[in-house]
Amino acid sequence: MTAILGAGISGLAAGHYLLRKTPALPLTIYEATDRIGGWIRSDRFLDNGFVFEAGPRTIRPKGPAANNTLQLIEELGLADEVYSISSNHTAARNRMIYAKGKLNLLPNSLGGLLKTVPPFTKPLYFAAFRDLVAGRSKTVLNDESMYSFVERRFGKEIADYAVSAMLCGICAGNAKEISVKFLMKDIFEREQRHGGVILGLLKEALQNRKKKQPKTVPKDPTSVGSLAERAKAENWSIYSIRGGLQTLPETLADDLRAKGVSIVKGTKFEELIFDRGHVVLRVDGKEQKLQHLVSSIPSYKLAKHVQKQHPQLASTLSSIPFVDVCVINLQYRKADLLKHDGFGFLVPPIENLPILGVIFDSCCFDMDDNTILTVMMGGAWFEKWFGKNPSNEHLLEVALENIKKILHIDQRPDSYKVNLLRKCIPQYTVGHQDRVKAIRDYIEQHQLPIVLCGASYDGVGVNDVILSARTNVDKMQL
């Protein structure tokens, strides 16, 4: 028998790929909470024409990981439920940062790079020129922080305002701690190899032109399907699913149950023992002997259960840090409250504000005659701003104060929801790739019948965790 720990999107996707590999496989998925979907959570108010998203709300359609997700959506029969935003939509073109006391629209065309756009004090092409003349790093680097890398190559303004703000949106993280090798591996290695990012791009482009194309192209497991082709043809920028993104894990769970998979919610995971090539799992007071175990739960939770037998593994698992994020959904029964249309805005840490950013949900998707906003707060700075145990009332007031200050919306929302998400996002700090390699090498060397997937290891986005499930399940010998 095989079991999966966790019924978030990665655990459910692991079940999907396990059954595709071995259709008759006896499989149980254990979930500690009373719901499936993990951090994907859609609160639907469809009679009033809107949805609150507590976690991710959109998915990007470009790249191999994105193609894999689109293929999964097709396999689940959800292609007609996809709600896409094209690259020329206002929400795709207009992305802002709040800096120096005002909202600043980021450049969305080549022309924007040629002129000075606030909050920057020079045209952005100066940053490209800086990279060309900066030369190699003084020593060969195994890794460095995103902030250090960008400041070194492109200048302090780009590091302070562009990249630091971007990481608030990606992982609620501090750019001075997050690994460039993990998040932008190709760019980092290109710089180390060629002595510059742009120089590396130019050299590799010339090399690729000189190379002859192979007669046969090896099959790509994430090859483009018809939905991915449609996304390309229609020039999608982002997309979601009607009824909220939670429709994806719900449909995935229904499909697994229809194929005989047992999904057990509200379980107490008590003990995990590795015993001569098997796993003994005790859940709700009952022991099960498994041939294979897939863990999609956060690394720090798994660490507690392997500590006794494998303290070295537990120590490395525990070394991956996580942050708390507060997500506050706001609904106003008025459609024209925003003076600026767009996806929303991010707030770089240099501004020293308690919010990470605000998403303009009702600009992205049809929410009838409502203005729907999502305020994100905390992350790497949660305790600094809110202490250890803030009340929901305090969190709401902080959000509303900043909405008033930045967006000039004075009225109270007609409805709201405060979501305090504890240890929800792993932080890919400098050395993350090496830590993950050490974890998986230890498992392989000790021949432990466990496979790890999910955000703790392979990336925080929906595409990342689904591909993580597929990639690691594909390596299993069933």
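With Cα Rg over 2.2 N^0.38 Å defined as stated, name the option among (i) 1.21; (ii) 1.43; (iii) 1.00 computed from the structure displayed. Computed from these coordinates, Cα Rg over 2.2 N^0.38 Å corresponds to label (iii).
What residue among 111, 58, 354 has its Cα farthest toward the positive end of the dipole of the chain, where the charges are +1 on Lys, Arg and -1 on Asp, Glu, each on the Cβ? Farthest towards the positive pole: 111. The value obtained for region 166-315, namely the Cα convex hull volume divided by the number of residues, is 275 Å³ per residue. For the pair residue 206 and residue 113, a Förster radius of 25 Å applied to the C-beta separation gives a FRET efficiency near 0.65, rounded to the nearest 0.05.
Please compute the volume of the convex hull spanned by the alpha-carbon atoms of region 23-181 and report it per residue in Å³.
Convex hull volume per residue, Cα atoms: 226 Å³.
Shown here are the Rg and Dmax of the Cα trace of region 291-384, at 19.9, 59 Å.
Calculated [222 nm] ellipticity per residue, helices only, for the chain: -10500 deg cm²/dmol; basis is -39500 (n - 2.57) per DSSP H run with n ≥ 4, divided by all residues, nearest 500. I need the shape label for region 29-117. Rule: rounded when a/c is under 1.5, else prolate if a/b > b/c, else oblate, with a, b, c from the alpha carbon gyration tensor. Prolate shape, in that a/c is at least 1.5 and a/b is the bigger ratio.
Here the contact order of region 146-215, divided by its residue count and restricted to Cα pairs under 8 Å and six or more residues apart, works out to 23 percent. Over region 96-199, the pair-distance histogram of Cα-Cα distances with 5 Å bins from zero comes to 2, 12, 21, 24, 20, 14, 5, 1, 0 percent, rounded to whole numbers. Simple point charges give the picture: +1 on the Cβ of Lys and Arg, -1 on the Cβ of Asp and Glu, and for the chain a dipole about the Cα centre of about 1620 debye.
For region 283-391, the dipole from Cβ point charges (+1 on Lys and Arg, -1 on Asp and Glu) about the Cα centre works out to 700 debye, to the nearest 20. Averaging sequence separations of C-alpha pairs under 8 Å and six or more residues apart, then dividing by the length of region 80-124, give the relative contact order as a whole percent. Taking the mean separation of contacting Cα pairs over the length of region 80-124, I get 21 percent. When you restrict to C-alpha pairs under 8 Å that are six or more residues apart and normalise by the size of the chain, the relative contact order lands at 25 percent.
When only alpha carbons are used to place a centre, region 90-157 and region 362-428 end up 27 Å from one another. Once the Cα-Cα distance is subtracted from the 0.36 nm per residue extended length, the residue 474 to residue 43 segment shows a gain of 151.8 nm.
For region 16-57, what is the per residue volume of the convex hull drawn over the alpha-carbon atoms, in cubic angstrom?
Normalising the Cα hull of region 16-57 by residue number yields 125 Å³.
Ranked by solvent-accessible area (1.4 Å probe, protein heavy atoms only, all chains present), the residues 275, 47, 284 order from largest to smallest as 47, 284, 275.
The values are calculated or read from the model by the stated rules, or taken from the named source; none is laboratory data. The structure displayed is predicted, hence computed values, not measured ones. Ideal geometry is used to build each Cβ from the backbone, glycine not excepted, and the neighbour counts take in all protein chains shown. We work out accessible area using only protein heavy atoms, side chains counted, and drop any ligands, DNA or RNA first. Shrake-Rupley method; radii C 1.70, N 1.55, O 1.52, S 1.80 Å.
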